[in-house]
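Here is the structure we will look at, set down as structure tokens.
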Amino acid sequence: MQHAVVVYGGRSSEHAISCLSAKSVLEVVDRNRYTVTAVGVTREGRWTLTDGVIEVSEDVPLPEVPDSGPTAAIVGTRRGPLLVELDDEGERVASRGIVDVVFPLMHGPWGEDGTVQGMLATVGVPYVGADVTASSIGIDKIAMKASFAAAGIPQTAYEGVRREAWLRDPSAVADHLADRLTMPWFVKPARQGSSIGITKLDDAGGLAEAMELAFEYDEVAIIEQGVEQARELEVGVLGEATIDITPPGEVIASREFYDFDAKYLADSQLTIPAPVTDRVRQRIITLACTAYRAIGCRGMARIDFFVFPDDTVLVNEINTIPGFTPMSMFPRLWQAEGLDYSALVDRLLRSARV
């Protein structure tokens, strides 16, 4: 059997969502094909061996990696990538075996952004999902949108603002934004997922507070021109040389917009497949393929769109490690196509490479 390591948790504000994704994946990995080891990354960044049992309850809906387990590391050896247990001095105390494949389920910075992918590539272990370059572009909304623009992909107008520029002259920044973008605005951290740190503004009066919130999560904020009367549709993508794309599903948020609570804590509605015309469906699939190729993605992605009443389609963003929780769109899209959760995980593990 192959030895698969599922890595989850991490230092980002999406730590708990990563745990929820890992919980679902660990429950369906084919134990006849894989020996599975769960490695949690604490909020402080320590890699630790866990029992792989991630408890969720009404009292604790958002779990986290416990800090009680032994420290772990994956190191390159003459035999191949080796999972080892370390003591508090960093000395090896036990070997947990050669690692054949890693499934990184770390959302957001320090996990989805190419950092973990680079470490895994350095020691030569195959891993699920996008490589370093595609991961780093996908997590950075400004770099991602620049890549989309270079590929001729239609998208909403946006501006990026660095913290130092805002602190130096907030009035000048506000005037610049007002000249370039029409209301409403969405103010976001540039390199953050799960709709964390986002503020919707209907006027510029709340800009200072919105920027302050965004800068809690990143040194760069992105201000996107909001869209009115647009539907939010998403597709799942698998593959590399040859890719498969699902028909779109639709998100109907339970709140004003699809923020963190609407995604994970409230009862937002997902309609799969989305009721759209054949023309819109084909347009979405064509743009999804272009967006996936634009950042050099491989393995998997979820790509999000805005669709307007006149059938105009804009690409919103790409997610290289989409959510794997039971309520997440990505696995549900593939389930609707006949690829159930367990088969989806198996396909991804089989597609892993350095």
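The values are calculated or read from the model by the stated rules, or taken from the named source; none is laboratory data. Not measured: the values here are computed from a predicted model. Here Cβ is always computed from backbone atoms with ideal geometry, including for glycine, and neighbour counts include all displayed protein chains. Surface accessibility is based on the protein's heavy atoms, side chains included, excluding ligands, DNA and RNA. Shrake-Rupley method; radii C 1.70, N 1.55, O 1.52, S 1.80 Å.
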> Looking at segment 180-234, which of its residues are open to solvent by 40 Å² or more (accessible area, probe 1.4 Å) and in a helix (DSSP H, G or I)?
Replying inline: ARG180, ALA204, GLY205, ALA208, GLU209, GLU212, LEU213
>> Test of understanding: among GLU55, GLU44, which residue is at pLDDT 95 or above and open to solvent by 30 Å² or more (accessible area, probe 1.4 Å)?
In response: GLU44
> Looking at LEU314, LEU333, which one is in contact with a Phe, Trp or Tyr (Cβ under 7 Å, 6 or more places away or on another chain), hydrophobic (A, V, I, L, M, F, W, C) and open to solvent by less than 60 Å² (accessible area, probe 1.4 Å)?
Replying inline: LEU314
